[in-house]
Amino acid sequence: MNTLRKTWHPYISPFDPCTPIKVKTYSTPPNLYMGFQPPGLEQFTPMEALRAGTLWKAFYDPWYSPYEKAREGQ
Amino acid sequence: MWVYEKKLQYPVRVSTCNPKLAKFLIEQYGGADGELAAALRYLNQRYSIPDKVIGLLTDIGTEEFAHLEMIATMVYKLTKDATPDQMKAAGLGDHYANHDNALFYHNAAGVPWTATYIQAKGDPIADLYEDIAAEEKARATYQWIINMSDDTDLNDGLRFLREREIIHSQRFREAVEILKEERDKKKFF
Amino acid sequence: MKQLPADYYQLLEQLQAVDFVLVELTLYLDTHNKDTEAIKQFNHYAKERKKLRNAIESKYGPLMQFGHSYSGQPWNWDDAPWPWQV
């Protein structure tokens, strides 16, 4: 597992009216790769876990809006 | 029976008076893959599922009600003091005409919640696969709502809810493995 | 109108954090019922939550009812604010 965001390249027609999106992405969250969770996985502290939405680091896969990413980039 | 606790599961914050976001968010309140549908789906299926996974359906179903309250809180905060004009400008004029600023179980397009959103086939594998699909669909819905929201505080709560879908999906996948009864034959504890 | 002090939000978030660990461990144990370490951790945090819950209730009133919390005088279960209002 290298990345949880996979990409694909849709066909682009010369007659597509909207500006083409050349690369599309989709999410493949950690649960798809885990199998039956093994015991003793590394944990967050309780406060970190609440903020992350999971107790186990291996499942943490946050989603940000384009607005948030743009602010981050500034 | 169920007992209510006077606290949210997660400290929900909303930073802007933005009824437009409430219109999108209501999808997770009364939509097909929303928290109400999730809670009712799992708590109904548990009566006919093998004993080994009833606990899981009960607990996830119960957590979904906590998520329903979080969504309600977000919608409430986003519309609390919004004027009729603000509601109208946000595309909530149709909603306001019928409900004022009250919450209602409908989706983002105003279609009322219906029991046909949920399934109970009585076949444990069919039901658990439905549950896994429901969690992935809810995860996707949160992604699309987050994509349209510029409110970092709100997105913080929505990210929590999206992460919970990932965990629930994981547990339902494990429930399928338990029902396959192959795990005990291997070296797992 | 009286508003809740910063201390309320802090205490509440501590309880939310501990309760979240308990939710996570509950779902995990539903599919891993023989993980003794996780059960130990669960019981540890169950004890923690009692302390935090008592700390909040002694200052800000009952968190649960139907007899799962004691009542003050007069009956203070239905005092505002409610969770979506804070």
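Tabulated data
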| item | result |
| --- | --- |
| Residue order, fewest to most beta carbons within 10 Å, for A:Glu68, B:Glu165, C:Glu13 | C:Glu13, A:Glu68, B:Glu165 |
| Calculated [θ] (222 nm, deg cm²/dmol) that DSSP helices of n ≥ 4 give over chain B, each run adding -39,500 (n - 2.57) | -19500 deg cm²/dmol |
| Spatial separation of Cα centroids for region C:21-86 and region A:29-74, in angstrom | 24 Å |
| Over region A:5-73, relative contact order from alpha-carbon pairs under 8 Å, at least 6 apart, % | 23 percent |
| Cβ-derived FRET efficiency at R0 22 Å, B:Phe104 paired with B:Ala140, nearest 0.05 | 0.40 |
| C-alpha long axis of helix B:152-180 to longest principal axis of chain B, angle in ° | 20 degrees |
| Modelled FRET efficiency - R0 45 Å, A:Tyr26 with C:Gln10, Cβ distances, 0.05 increments | 0.70 |
| Over 24 Å [Cα-Cα, chain B], rounded percent | 42 percent |
| Whole-Hz couplings from phi, Karplus 6.51/-1.76/1.60, listed for region C:37-45; x for Gly and Pro | 4, 5, 5, 4, 4, 4, 5, 4, 6 |
| Cα centroid separation, region B:53-67 to region B:120-189 (Å) | 12 Å |
| Among the listed pairs B:Lys23/B:Lys80; B:Lys7/B:Lys52; A:Lys57/B:Lys7, those beyond 19 Å (Cα-Cα) | B:Lys7/B:Lys52; A:Lys57/B:Lys7 |
| Order of B:Thr141, C:Thr36 under a 10 Å beta carbon neighbour criterion, fewest first | C:Thr36, B:Thr141 |
| Isotropically averaged projected area of the protein assembly as shown, using the convex hull of Cα atoms (one quarter of hull area), nm² | 22.2 nm² |
| Burial ordering of C:Phe66, C:Phe42, fewest other beta-carbon atoms within 10 Å first | C:Phe66, C:Phe42 |
| In region C:16-86, lysine pairs with alpha-carbon atoms under 20 angstrom apart (chain gap of 8 or more, or interchain) | 5 |
| Chain C - mean residue ellipticity at 222 nm from DSSP helices (-39,500 (n - 2.57) per run, n ≥ 4, rounded to 500) | -21000 deg cm²/dmol |
| Alpha-carbon Debye profile of region A:5-73, log10 I(q)/I(0) at 0.18, 0.19 Å⁻¹ | -0.89, -0.94 |
| Normalised alpha carbon radius of gyration of chain C [divisor 2.2 N^0.38 Å] | 1.29 |
| Length-normalised contact order of chain B in % [C-alpha pairs under 8 Å, at least 6 apart] | 30 percent |
| Crossing angle, helix C:6-31 versus chain C [Cα axis fit, 0-90 degrees, rounded to tens] | 30 degrees |
| Rg [Å, one decimal], Dmax [Å, integer] - region C:1-47, C-alpha atoms | 14.8, 52 |
| P(r), alpha carbons of region B:80-177 - 10 Å bins starting at zero, rounded % | 13, 30, 34, 17, 6, 0 |
| Residue-wise HN-Hα coupling along region B:37-45, computed from phi with Karplus coefficients 6.51, -1.76, 1.60 (Hz; x: Gly, Pro) | 4, 4, 4, 5, 4, 6, 6, 7, 5 |
| Distance between modelled label sites at B:Glu182 and B:Val3, nm, 7 Å Cα→Cβ extension | 4.2 nm |
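FYI, it's all coordinate maths here, none of it is from the lab. A quick note: this is a predicted structure, and the numbers were derived from the prediction, not measured. Note that each Cβ is placed from the backbone with ideal geometry, even for glycine, and that neighbours are counted across all protein chains shown.
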